[in-house]
Amino acid sequence: MKKNNDVEMTVTQNKYTSNLKDISLEIINKSDSSITFDFPYQLETYVNGSWYKIPFKNNKGWIMIGIVLKPNESYTQNISVKQLDFELSPGEYRIVKSFSEELIVSAEFLVE
């Protein structure tokens, strides 16, 4: 996944404990124009040199509303771990979010 200078995503903590409940994801628009996105994301784990998608529980649904982020504005999205069909164990993880077909951004974190 290549870096993008127009949109930045970070998690509020770089390290979490395995009993975490939520992850706060900050999205910052560093471009000169507004961007539009919605809630869906993908959580992935890094195992043996490759990233693997973490499944959601079968009853997971998404609210599909357009969020407009003006230049130099930020938005915080809270991600609930209890929506995953996976128990987070110590390791490397990332949240991947698509803003368009050409713009896919991720934020990495550790679970200890």
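The values are calculated or read from the model by the stated rules, or taken from the named source; none is laboratory data. What you are looking at is a predicted structure, and each value in this text was computed from that prediction instead of being measured. With ideal geometry, Cβ positions are generated from the backbone for all residues, glycine too; neighbour counts draw on all protein chains shown.
In segment 43-100, which residue that is among the aliphatic types (A, V, I, L, M) and farther than 22 Å from Q13 by Cα is surrounded by the most Cβ atoms within 10 Å (Cβ to Cβ)? The residue in question is L69. I'd like to check something: does segment 77-92 contain any residue that is part of a strand (DSSP E or B), modelled with pLDDT of 95 or more, closer than 26 Å to S33 by Cβ and within 12 Å of the chain's Cα centre (by Cα)? Within segment 77-92 (the criterion being part of a strand (DSSP E or B), modelled with pLDDT of 95 or more, closer than 26 Å to S33 by Cβ and within 12 Å of the chain's Cα centre (by Cα)), the answer is no, since none of the residues qualifies.
Sort out which residues of segment 34-74 are of a type in the set (K, R), closer than 24 Å to Y93 by Cα and part of a loop (DSSP other than H, G, I, E, B), and write them in order of number.
Residues of segment 34-74 of a type in the set (K, R): 53, 57, 60, 70.
Applying the additional criterion that residues be closer than 24 Å to Y93 by Cα yields 53, 57, 60.
Within segment 34-74, K57, K60 meet the criteria.
Only residues that are surrounded by 12 or more Cβ atoms within 10 Å (Cβ to Cβ), farther than 22 Å from D85 by Cα and either at pLDDT below 95 or among the polar types (S, T, N, Q) (or both) were counted across segment 10-26, and they come to 3.
K2 fulfils the conditions (1) within 13 Å of V96 (Cα to Cα); (2) at pLDDT 90 or above; (3) surrounded by fewer than 16 Cβ atoms within 10 Å (Cβ to Cβ) except for a single criterion, (2). Would you please list the contacts, defined by Cβ atoms under 9 Å and residues six or more apart or on different chains, that run from a residue in segment 48-67 that is under 17 Å from K97 (Cα atoms) and without any contact (Cβ under 8 Å) to a residue 40 or more places away in the chain to a residue that is surrounded by 10 or more Cβ atoms within 10 Å (Cβ to Cβ) and among the hydroxyl-bearing types (S, T, Y)? As it stands, the answer is Y52/T45; Y52/Y46; K53/T45; I54/T45; I54/Y93; G66/T36; I67/T36; I67/Y75, since those pairs meet every condition given.
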